[in-house]
1. Kindly list, by first and then second residue, each pair from a residue in region 40-52 that is of a type in the set (Asp, Glu) to a residue that is part of a loop (DSSP other than H, G, I, E, B), limited to pairs with Cβ atoms under 8 Å and residues at least 6 apart or on different chains.
2. Looking at Tyr23, Tyr37 in this structure, which one is farther than 17 Å from Phe146 by Cα, aromatic (Phe, Trp, Tyr) and surrounded by fewer than 12 Cβ atoms within 10 Å (Cβ to Cβ)?
3. What number of residues in region 77-98 are over 16 Å from Asp56 (Cβ atoms) and open to solvent by less than 30 Å² (accessible area, probe 1.4 Å)?
4. If you check Ser42 against the conditions, is it out of contact with any Pro (no Cβ under 6 Å at 6 or more places or on another chain), loosely packed, with under 10 Cβ neighbours inside 10 Å and at pLDDT 85 or above?
5. Those residues that are outside any strand (DSSP E or B), buried (at least 17 other Cβ atoms within 10 Å of the Cβ) and either at pLDDT 85 or above or not β-branched (Val, Ile, Thr) (or both), I need them from region 113-140; list them, please.
6. Residues in region 75-94 that are in a loop (DSSP other than H, G, I, E, B), at pLDDT below 80 and not aliphatic (A, V, I, L, M): how many?
Amino acid sequence: YVGYTIDPALTSARYEVDYVRVYQAAPAPALSAYQLYLQGLSLSTSLAFDADGDGDGVAEGVRYAFGDASPRLGTSPAALSRDGNAYTYTFDVRDDTDLVLTPEVSNDLASWTTATNYTLTPTTGASSGFVRHVLVVNTTPAGRVFFRLRVAN
């Protein structure tokens, strides 16, 4: 013991423990899929869904909702850009005339309706066996709008 001396004549001793209390730190909260996505981009995991963390004019949440570089249905990753209230999504899908591509919009991610204010144009640049499409969806400035692409065969 610090500051105390032990009697040199002491040859044995007994130490009794009445009880042991064990503490465990609370586990760190699990990161959401969106936070893991931000972490993969080396952005703060507290970045708001509608914040533009890298200054490219597109909120990271919008990119996340699109799956960022997904769907990699072709050999090139999909790309998303924004100009005012118009979002442009460029993607490749397999060259199949039976595929029906339908843009849908939502205000709450729970109910979806077919978009009415959009253009969907096939273009060139895709690898053999795929077609590149450019989807432009015009949104209203009021409120948050989500959109997705439904593909049916």
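The values are calculated or read from the model by the stated rules, or taken from the named source; none is laboratory data. Here the structure is a predicted model, which is why all the values come from computation and not from measurement. Cβ sites come from the backbone with ideal geometry, for glycine too, and all protein chains shown count toward neighbours. The area values use the complete protein model at the heavy-atom level, side chains included, leaving out ligands, DNA and RNA. Shrake-Rupley method; radii C 1.70, N 1.55, O 1.52, S 1.80 Å.
1. Between residues of region 40-52 that are of a type in the set (Asp, Glu) and residues that are part of a loop (DSSP other than H, G, I, E, B), the close pairs are Asp50/Ala59; Asp50/Arg144; Asp52/Val58; Asp52/Ala59.
2. Tyr23 is the lone residue from the list that is farther than 17 Å from Phe146 by Cα, aromatic (Phe, Trp, Tyr) and surrounded by fewer than 12 Cβ atoms within 10 Å (Cβ to Cβ).
3. So the answer is 3.
4. Yes: the conditions hold for Ser42.
5. Of everything in region 113-140, those that are outside any strand (DSSP E or B), buried (at least 17 other Cβ atoms within 10 Å of the Cβ) and either at pLDDT 85 or above or not β-branched (Val, Ile, Thr) (or both) turn out to be Ala115, Ala126.
6. 3
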